[in-house]
1. Given the residues Ala92, Ala86, Ala98, which is the only one that is over 23 Å from Gly254 (Cβ atoms) and surrounded by 17 or more Cβ atoms within 10 Å (Cβ to Cβ)?
2. With the structure loaded, tell me whether Val68 is of a type outside the set (Asp, Glu), open to solvent by 30 Å² or more (accessible area, probe 1.4 Å), touching a residue at least 24 places away in the same chain (Cβ under 8 Å) and touching a helix residue (DSSP H, G or I) at 6+ places or on another chain (Cβ under 9 Å) or whether it fails that test.
3. List the residue pairs whose Cβ atoms are under 9 Å apart, where the first residue sits in segment 156-175 and is among the small types (Gly, Ala, Ser), the second is open to solvent by 30 Å² or more (accessible area, probe 1.4 Å) and assigned to a strand (DSSP E or B), and the two are 6 or more positions apart or on different chains.
4. Looking only at segment 236-256, which residues are more than 18 Å from Gly18 (Cα to Cα) and charged (D, E, K, R)?
5. If you scan segment 1-41, which residues turn out to be under 16 Å from Arg257 (Cα atoms), of a type in the set (Gly, Ala, Ser) and crowded, with 17+ Cβ neighbours inside 10 Å?
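The values are calculated or read from the model by the stated rules, or taken from the named source; none is laboratory data. Note that the structure is a prediction, hence the values are computed from the model and not measured. Cβ coordinates were reconstructed from backbone atoms using ideal geometry, including for glycine residues, and neighbour counts include every protein chain displayed. Note: accessible area is taken over every heavy atom of the protein model, side chains too, but ligands, DNA and RNA are not part of it. Shrake-Rupley method; radii C 1.70, N 1.55, O 1.52, S 1.80 Å.
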Amino acid sequence: MLSTAALRAHLLAARLAGPVATSREESLRRYRLFAARDPRVLLGLEPDDDWSFMELLGLMSEKCGVSVDPANVSGPDVIDPELTIAALDAFADRLREAARDRVPVLLGTGHPHRLLGFYAALASALSAAGCRVLTPAEGRCIDITTRFGVRTHRLAYVRGVAMVRAPGARPTASEPGAHSHSPLPVRVALGCAAESGGPLPGLVIGDHGWVCGAGQLGFEAMGPGDTDDPALFVGEAEGRVSVAVPLDDGVRSGYYRPITRYVLNRACLSQ
């Protein structure tokens, strides 16, 4: 089993924690947008409280380890690896409980080119433990607002993990699907599951809109979030996200493999 010390060293070496690729400017910009309730950064969450910029900065300092100083406005943002490890432990503990209870699970990602391997390994381990890995609404078309305007995407599943693809796109190993922050895919998937009579997931695992969109609808949800993803951590603070793991969600896909091994080992799900 990967030790905590070895995991910490890997997090720092791979820049999953410590100084990360996400810039301080981008994080602060998105905190301001969230405070203004811009739907592009709410990720499907409808906060109960009116979060000010300074309240968000304080929350992100507590949950991720970013600087609480608003005058710190440039350079790379920072994630405290101790907070990442504590959240990974909580994430793994919840996986173990889900496997024990054999709850149906839904996994989805807006970062398929980076995180598909991580989620696919979780899907495989949970399936082997007796959990049903759900794939509702496969092939369904979804209109998603992008920086290029509204574009039609198709919901697809790869190795048990949901993602969206632009129609006509030819997926490759490095680009299996489209990058997306939208909560619409999880809403469509959950709506289709409900309309067909279930089963409904007892746990949703993912990122971006998959976590916040599911949590907003009352489903237990958890997953990783970067320093510029305040919605996941607000969702956790308000009780709609069970575990938000602070880490850089855009590094090379291979860098997540030690995290996968650590989580599966702690969850007693290693295959």
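1. Working: Ala92 fails: over 23 Å from Gly254 (Cβ atoms); Ala86 fails: surrounded by 17 or more Cβ atoms within 10 Å (Cβ to Cβ).
Answer to the check: Ala98.
2. no
3. Sorted first by the residue in segment 156-175, then by its partner, the pairs are Ala156/Arg165; Gly160/Val133; Ala166/Arg151; Ala166/Thr152; Ala166/Arg154; Ala169/Arg154.
4. Within segment 236-256, Glu236, Glu238, Arg240 meet the criteria.
5. Those that are under 16 Å from Arg257 (Cα atoms), of a type in the set (Gly, Ala, Ser) and crowded, with 17+ Cβ neighbours inside 10 Å: Ala14, Ala17.
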